[in-house]
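Any read-out appearing in this document is the output of simple, stated calculations on the displayed coordinates, not a laboratory observation. The model shown is predicted, which means the values in this text are computed figures rather than measured ones. Note that we place each Cβ from the backbone using ideal geometry, even for glycine, and neighbour counts take in every protein chain shown.
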Amino acid sequence: MTPVTETTLALKLTDRINRIEPSATLAVVNEAEKLRQQGIDVVDFGAGEPHFATPQHIKDAAIAAIQGNFTKYTAVGGTAELRDAIVHRHAVDFDSDYRREEAIASVGGKHAIFNAIQVLVDHGDEVILPVPYWVSFKDIVRYAGGDSVLLEADEDQGFRVTAKMIDRLVTPRTKLIILNSPCNPSGAVMSPDDMAEVVRFAHERGIWVMSDECYVYLNYTDKRFSVGALRESRERMVIVGSLSKTYAMTGWRLGYALAPAPVVTAMQKLQSQSTSNPTSIVQKAAVAALRGPQQCVTEMRAEYITLRDHVIKGLRSIPGIKCTMPEGAFYAYPNIGASLGRSGISSASELAGRLLREEHVATVPGEGFGTRDHIRVSYATSVAELDRGLERLRKFLASL
Ligand SMILES: Cc1ncc(COP(=O)(O)O)c(C=O)c1O
């Protein structure tokens, strides 16, 4: 029998699966994990997740759900209790006024983004995507058959995206504009005025805006903002949120979207034919997170600011590194361009690969985020771990 190789198999797979690549961030996590299994002490700046444990009252709610046998299927888009909690939290924190029918719970924010894009983007549609972008946007758009129109943010302006920059890229084929503020990987935050301006002109021209607000609680400026506050323009707006980063719940997989009811219904239809509901137990935990005390969010945010200041100071002290000041999320996005061309290293991927293999520091190369001269450093870890990693990075760059 002829053995099935990747090449023979690829011929049989669909065009749509062959259009996309595996997530670059998950690839790094896997490689670092392999080294760890060999007993190697890896400093992990790769993972895009909080280092905090999930708060106790959230864990307790999940345990109570199991004990109370809340373990059956639920409504596909989440229980009424959860959808009401999502709407309530958003209204209190961001002055939005969504109804239950305009909310859907999904298996993580990524799932909500995937479903929203499959529902809104058709073959040949253009999607405006600021660069650097979170790894999955481009592939999800491609999977739907759309074309990403990339908007290069200016590093000298801290990668901040403005309404004017987006406006210039609009064509008759523009179907969707993706905003992600605070941004993964740059940590850039758009001003509320710019976000409002994008939503306003998109609304006027019948273009959809998807605002990925997974890091909305980790905004370190004094202007925390969601486009949900722009109530009168929400006809063409999809907000994506997640409990992953806000409540240190990455493994639980609970995200949501707030959107006009017909979009939510279409997303539910897609969800009904794929995952069905997010885990029932997790939904109970999510209600506890959203309705319970929010002090944990404030405390984690304060800690991230301390870590941000520490890592940026450390990175900027390393010869050959330039680094913008992130205003949100928990990533630094240092420019390592000065080291390219040295010791046979020609790309950020090669640099990150050698940094991992030689100094055992995991980072994510910029190519996955659409830029060539950067690596992403996640600072969701302890100060001691940051110092260990920074020292290794300093040594590695000096050796080139
Ligand atoms: C910008 C952005 N959006 C969405 C997600 C999805 O997160 P989750 O699926 O865990 O909710 C992530 C996760 O890293 C992210 O960085």
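Evaluate the distance, in nm, between pseudo-label points positioned 7 Å from the Cα of K395 and of I17 along their respective Cα→Cβ axes.
Using points 7 Å along Cα→Cβ, the separation is 4.3 nm.
Report the label-to-label distance for E81 and R231 in nanometres (one decimal), using points 7 Å from each Cα along the Cα→Cβ vector.
2.9
Per the helix-only calculation at 222 nm, which mean residue ellipticity applies to the chain, given -39500 (n - 2.57) for every DSSP H run of n ≥ 4 and division by its residues, nearest 500 deg cm²/dmol? Spell out each step's value before the answer.
On the way: 15 runs with 170 residues, N = 400.
So the calculated ellipticity at 222 nm is -13000 deg cm²/dmol.
Pairs K164/K269; K175/K284; K34/K138; K72/K110; K12/K284: which are spaced more than 30 Å apart, C-alpha to C-alpha? Spell out each step's value before the answer.
On the way: K164/K269 36 Å; K175/K284 36 Å; K34/K138 27 Å; K72/K110 24 Å; K12/K284 42 Å.
Correct reply: K164/K269; K175/K284; K12/K284.
What number, in percent, do you get for the relative contact order of the range 1-158 if the mean sequence gap of Cα pairs under 8 Å and at least 6 apart is divided by its residue count? Please report the intermediate quantities before stating the final value.
Working: 111 pairs, mean separation 34.3, N = 158.
Relative CO of the range 1-158 lands at 22 percent.
What is the extension gain from K72 to L35, computed as 0.36 nm multiplied by their sequence separation minus the C-alpha to C-alpha distance, in nm to one decimal? Display every interim value, and only then the final one.
Numbers: separation 37, 0.36 × 37 = 13.32 nm, distance 3.90 nm.
Full-extension gain reported as 9.4 nm.
If the label point is 7 Å along Cα→Cβ of R200, which residues in the range 153-167 have backbone nitrogen under 12 Å from it?
163-164
Based on the Cβ-Cβ distance of I63 and R291, what FRET efficiency does E = 1/(1 + (r/R0)^6) give at R0 = 30 Å, to the nearest 0.05? All intermediate terms of the calculation are to be shown ahead of the outcome.
Values: r = 17 Å, r/R0 = 0.56.
The pair I63/R291 has a calculated efficiency of 0.95.
With only alpha-carbon atoms in the gyration tensor, what are the semi-axes of the equivalent ellipsoid for the range 1-126, in Å, largest first?
Numbers: eigenvalues 240, 136, 63 Å².
Largest first, the range 1-126 gives 35, 26, 18 Å.
Counting other C-beta atoms within 10 Å, which of E350, E204, E197 has the fewest, and how do the rest follow?
The fewest-first ordering by Cβ neighbours comes to E204, E350, E197.
Give, as ranges by residue number, the residues of the range 291-324 whose backbone N falls under 17 Å from the point 7 Å along Cα→Cβ of D387.
Only 306-318 pass the distance filter.
Sorted from fewest to most neighbouring beta carbons within 10 Å, what does the list R236, R168, R142, R36 look like?
On the way: R236 21, R168 8, R142 18, R36 14.
Ordered from fewest to most neighbouring Cβ atoms within 10 Å, R236, R168, R142, R36 come out as R168, R36, R142, R236.
For a footprinting-style exposure proxy, rank F396, F45, F114 by other Cβ within 10 Å, fewest first.
Details: F396 19, F45 30, F114 22.
Ranking F396, F45, F114 by Cβ neighbours within 10 Å, fewest first, gives F396, F114, F45.
Taking the alpha-carbon set of the chain, what are its Rg and Dmax in Å?
Values for the chain (Cα only, Rg and Dmax): 21.1, 65 Å.
Please name which of I305, Q273, L351 has its Cα lying farthest along the dipole of the range 258-373 towards the positive end, using unit charges on Cβ (Lys, Arg +1; Asp, Glu -1) and the Cα centre as origin.
Q273
What percent do you get for the relative contact order of the chain when only Cα pairs under 8 Å and 6+ apart count? Please report the intermediate quantities before stating the final value.
Numbers: 756 pairs, mean separation 92.3, N = 400.
So the answer I get is 23 percent.
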